[in-house]
Amino acid sequence: MRDERYTNLANVLVNYSVAVQKNDLVEILGPHLAEPLIREVYTEVLKAGGHPYLRLYFPSLSGIYFRTAKKHQLKYVSPIQEFATEKVDKVISIWANENTKALATTDPKKMAIVGAARRKTFTRFLEREAAGELKWVGTQFPCNASAQDAEMSLEEYEDFVLRACMVHVKDPIAAWKRVHNKQEKICKVLNTKKKIRVVAKGTDLTMRVAGRKWINCDGGANMPDGEIFTGPIEDSVEGRISFSFPACYAGREAHGVTLTFKKGRVVKATADKGEDFLLATLDTDKGARRVGEFAIGTNYSIQKFTKNTLFDEKIGGTMHMAVGASLPESGGTNESGVHWDMVNDMRDGGVIYADGKVIYRDGRFVLK
């Protein structure tokens, strides 16, 4: 039996997020677990006149790959994937996993080798996206593994996911357009600012953003969405930040992460748990110790940390930073095979200053 909410979600993804046009080559990437949503997306792409290109995968193969692959295989980048990166017009990624901890014991050095090898393709993907040659959106299909991470039943998690995507309302696309309009006003103000300072528990961090663009994340790249971000000037980040939530990346976690920056580079990194993984990832390449993104979460329908960055970085009342690759549309220039978002709660005393004036306090903007 079809769930109308998945039909609505597919409609949003295809006709709003990436806006499929006639003859667009549309890559649909997802696991077999997400078949109900993949089927709806496939149908909507055809209705829109696009050409669906399905890349189905089995999440369990990742563990086999890292356990079995030799160094020359870890460094290998498929020319087929390079070709697809140059040719596809739209990409719709759907995520679901049988076991989100399947890579928890994987050697982080092996993961770093893979990340470094794929840096060129990843950078080219971001360049095409920034140039408007390619549009991408990613979403989560509710599955048991993610529900367990979120400490919810599958039914509760499904409702959490779909409500965050606003597909339960009468006109989801109109709802996301309202989000766009509200956030556009904030971006317009921030685009005039030169320096940002973040103060919170264990945190006092500054960065320059003059000449960089604040991006309005309104459902066009993530679903659900709800954030604004920019790319700080690469050598400008100074100070210390302690992240209040676990930092989740590639199926691994680091808890109690604290980063110290000097001239834009992480010069000290510690974690209460997962420090070896943290350090190995920061040593993936030269760009992995610099900040590629600074962002503020604005989706107040998301208030619970679920160990899923797609949702956690959008929590209304939080800020996050990504070490590694910049998103070129912001004007950032840092290149890396890593893009690791780490989230900090600002709802209890956190303050953000812009050019010396308070613009954000206790998880809310206070712009005039």
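Under the condition of being of a type outside the set (Ser, Thr, Tyr) and surrounded by 15 or more Cβ atoms within 10 Å (Cβ to Cβ), which residue from the stretch 12-24 is farthest from Lys170 (Cα to Cα)? That would be Asp24.
Of the numbered criteria (1) within 21 Å of the chain's Cα centre (by Cα); (2) outside any strand (DSSP E or B), the one Gly211 fails is (1). Looking at (1) closer than 26 Å to Arg128 by Cα; (2) crowded, with 18+ Cβ neighbours inside 10 Å, can you tell me which one Thr106 breaks? Checking Thr106 against (1) closer than 26 Å to Arg128 by Cα; (2) crowded, with 18+ Cβ neighbours inside 10 Å, the one that fails is (1).
Inspection of the stretch 45-59 finds a residue satisfying the criterion of being assigned to a helix (DSSP H, G or I), of a type outside the set (Asp, Glu), modelled with pLDDT of 95 or more and surrounded by 15 or more Cβ atoms within 10 Å (Cβ to Cβ). Ala34 - would you say it is over 22 Å from Glu133 (Cβ atoms), within 20 Å of the chain's Cα centre (by Cα) and surrounded by 14 or more Cβ atoms within 10 Å (Cβ to Cβ)? Criteria met by Ala34. Among the strands (runs of 3 or more DSSP E) confined to the stretch 249-368, the ones with at least 1 residues that are among the charged types (D, E, K, R) and free of Cβ contacts under 8 Å to residues at least 12 places away in the same chain are located at 265-270, 357-361.
Being touching a residue at least 40 places away in the same chain (Cβ under 8 Å), surrounded by 20 or more Cβ atoms within 10 Å (Cβ to Cβ) and in contact with a Pro (Cβ under 6 Å, 6 or more places away or on another chain) holds for only one residue in Cys143, Cys165, and it is Cys165.
Asp218 meets all of the listed conditions (1) in contact with a Leu (Cβ under 9 Å, 6 or more places away or on another chain); (2) in contact (Cβ under 8 Å) with a residue 40 or more places away in the chain; (3) closer than 20 Å to Leu126 by Cα but one, namely (1). Being among the hydroxyl-bearing types (Ser, Thr, Tyr), more than 19 Å from Ser146 (Cβ to Cβ) and either in contact with a helix residue (DSSP H, G or I) (Cβ under 6 Å, 6 or more places away or on another chain) or at pLDDT below 95 (or both) is the requirement here; does Thr258 meet it? It is false that Thr258 is among the hydroxyl-bearing types (Ser, Thr, Tyr), more than 19 Å from Ser146 (Cβ to Cβ) and either in contact with a helix residue (DSSP H, G or I) (Cβ under 6 Å, 6 or more places away or on another chain) or at pLDDT below 95 (or both). Scanning the stretch 75-91 for residues that are outside any loop (DSSP other than H, G, I, E, B) and in contact with a Ser or Thr (Cβ under 8 Å, 6 or more places away or on another chain), which turns out surrounded by the most Cβ atoms within 10 Å (Cβ to Cβ)? The qualifying residue surrounded by the most Cβ atoms within 10 Å (Cβ to Cβ) is Thr85.
The rows are residues; the columns are (1) closer than 22 Å to Lys109 by Cβ; (2) modelled with pLDDT of 95 or more; (3) surrounded by fewer than 16 Cβ atoms within 10 Å (Cβ to Cβ).
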position	(1), (2), (3)
Glu275	yes, yes, yes
Phe294	no, yes, no
Thr309	no, no, no
Thr318	no, yes, no
Gly324	yes, yes, no
Trp340	yes, yes, no
Asn344	no, yes, no
Gly350	no, yes, no
Gly356	no, yes, yes
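Candidates in the stretch 177-202 are the residues that are among the β-branched types (Val, Ile, Thr) and touching a Gly at 6+ places or on another chain (Cβ under 8 Å); of these, the one that is surrounded by the fewest Cβ atoms within 10 Å (Cβ to Cβ) is Val199. Taken together, Ile241, Ile228 contain a single residue that is surrounded by 21 or more Cβ atoms within 10 Å (Cβ to Cβ) and either in a loop (DSSP other than H, G, I, E, B) or not charged (D, E, K, R) (or both), which is Ile241.
The values are calculated or read from the model by the stated rules, or taken from the named source; none is laboratory data. This structure is a prediction, so every number in the text was calculated from the model and none was measured. Glycine gets a Cβ as well: all are built from the backbone with ideal geometry, and neighbour counts include every protein chain shown.
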